[in-house]
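Student: The structure that follows is given in the form of C-alpha cells.
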Amino acid sequence: MTSSNYTVTVLGLGAMGLPMATRLASELTVHGFDIAEPRLELAAAAGIKTFASAREASQDADALLLAVRNGEQLNDVLFGENGVASVLKPGAVVILGSTVGTEAIPATVAKLAGYGVSLVDAPLSGGPKRAGEGDLLIVVGAEPEALEKARPALELLASTLSIVGDKPGDGQALKTVNQLLCGVHIAAAAEAMALADALGLDQAKTLAALEAGAAGSFMLSNRGPRILEAYTEDGAEVLSRLDIFVKDMGIVGKATRAAGLAAPVAAAAEQLYLLGQAQGLAAADDSAVIKVVAPTKRTA
C-alpha cells in the first residue's frame, strides 16, 4: 500500500490531535472529526478532510488514531451509542495514543477482534510542537501484523519509535513507568524553584545554573520556564493540564499497588497534583503545581 492511498482518521483535533493530523496529512490521506467547529475549520485549512460525525470520518480508514482521556472514554468512542468500531473495515487498526493504563486493554482487544480490527497500543509523549514536527516518543505494544499496518502513521509521528512488546498493554505498561518519572520530575522542579525563591535567589538565573549542572533534566528545562510563569496574571500557557497528571499518577499508583511495590516518591507527587486540582488548578498547566508548594511568590 502506498502512502497516497493510506487513510488515517484522527478523532479529536485538540492541542495534540490537530498537529498530529497536520503532520500525517503531509504524506497520507487524513480524515478528521472534532465536536468543536473552530477545530474543524483549522483542520480543513491544514488539508485535512473533515466530517460531520466520528462515524462518518472513520469509514474506510486504514488506521484510526485515538487520543482519549481514559479507559471509559476509549470504550465509549469505540463501542458506545455512537461508537465507531462497527463502521471500521475489517483489517483496520486502532492506534491508541493515550495513557489509559493496562486495565482497559484486554476487553478493548477482544471487542475489536469481533469486528476484525486490531489494537496498536502506542502511547506517545512530546507535546503539541513535537507532534507537529514528527518528533514524538512512541512506545508500542502490538502484534507484528497490526504494527506493520500502523507503521505509515507511526513513523511519520515519531522520531523515536520503541517497540516494547508484541501485545497490546505492553505500551501502556512502559508509559506508566515513564509517567511515574515525569510526574515526580515536575513536582521536584516546582519544589526546587519554590525553594530558590524562598532563599531570595533569582529564579531565572537559578534555573539556568541548574540546567547546566548535574541536576539538569529534560523536564526541568521543559517545565522550568513555565513554572516561573505560574504566578503571572495569565499563568503559563496550558500545554499539559495539571489534571492529566492527577489521572496519570493515579494509574501509576494502581500499577504499583497491583505489583506489591512501594512507591512513596510517586505517591507524594500524586498528592501534590490532587491538592492542585482541589485548589482549582485542574485546567491550569501542570507547572502550576508550584502554587501548591508555595501559594504566593516571594516579593521581597
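Student: Condition first: under 22 Å from the mean Cα position of the chain (by Cα), open to solvent by 60 Å² or more (accessible area, probe 1.4 Å) and within 17 Å of L174 (Cβ to Cβ). Now tell me which residues in the range 247-275 satisfy that.
Tutor: Within the range 247-275, K254 is the sole residue that qualifies.
Student: Go through the residues of the range 102-120 one by one and say whether even a single one is under 14 Å from the mean Cα position of the chain (by Cα) and open to solvent by less than 20 Å² (accessible area, probe 1.4 Å). Lay out the reasoning, then the answer.
Tutor: Pass one, the range 102-120, residues under 14 Å from the mean Cα position of the chain (by Cα): none.
For the range 102-120, residues under 14 Å from the mean Cα position of the chain (by Cα) and open to solvent by less than 20 Å² (accessible area, probe 1.4 Å): absent.
Student: Applying the selection to the range 176-201, what residues are closer than 20 Å to Q271 by Cα and either open to solvent by less than 20 Å² (accessible area, probe 1.4 Å) or among the hydroxyl-bearing types (S, T, Y) (or both)?
Tutor: Residues satisfying the conditions are T176, Q179, G183, I186, A187, A189, A190, M193, A194.
Student: How do the helices (runs of 4 or more DSSP H) wholly within the range 1-73 filter down when requiring 1 or more residues that are in contact (Cβ under 8 Å) with a residue 60 or more places away in the chain: which remain?
Tutor: On the way: elements: 17-25, 37-45, 54-58.
It comes to 17-25.
Student: Answer yes or no as to whether D76 is closer than 26 Å to V246 by Cα, in contact with a Ser or Thr (Cβ under 6 Å, 6 or more places away or on another chain) and open to solvent by 30 Å² or more (accessible area, probe 1.4 Å).
Tutor: Criteria not met by D76.
Student: Within the range 155-166, can you find the residues that are surrounded by fewer than 15 Cβ atoms within 10 Å (Cβ to Cβ) and either out of contact with any Pro (no Cβ under 8 Å at 6 or more places or on another chain) or farther than 14 Å from P144 by Cβ (or both)?
Tutor: Kept after step one, since they are surrounded by fewer than 15 Cβ atoms within 10 Å (Cβ to Cβ), are these residues of the range 155-166: 155, 159-160, 162, 166.
Within the range 155-166, E155, S159, T160, S162 meet the criteria.
Student: Considering only residues of the range 278-300 that are farther than 16 Å from A236 by Cα and free of Cβ contacts under 8 Å to residues at least 40 places away in the same chain, which is surrounded by the most Cβ atoms within 10 Å (Cβ to Cβ)?
Tutor: Q279
Student: Considering only helices (runs of 4 or more DSSP H) fully contained in the range 142-242, which possess at least 2 residues that are modelled with pLDDT under 95?
Tutor: Numbers: elements: 144-157, 170-198, 203-211, 218-229.
Per the criteria, 218-229.
Student: For the range 125-136, name all the residues that are in contact with a strand residue (DSSP E or B) (Cβ under 7 Å, 6 or more places away or on another chain) and modelled with pLDDT under 95. Before the answer, list the steps.
Tutor: Applying the first criterion (in contact with a strand residue (DSSP E or B) (Cβ under 7 Å, 6 or more places away or on another chain)) to the range 125-136 yields 125-126, 130, 134-136.
The answer is S125, G126, R130.
The values are calculated or read from the model by the stated rules, or taken from the named source; none is laboratory data. Computed from a predicted structure; not experimentally measured. Virtual Cβ from ideal backbone geometry, glycine too; neighbours counted across all protein chains shown. Just the protein is used for accessible areas: all its heavy atoms, side chains included, with ligands, DNA and RNA removed. Shrake-Rupley method; radii C 1.70, N 1.55, O 1.52, S 1.80 Å.
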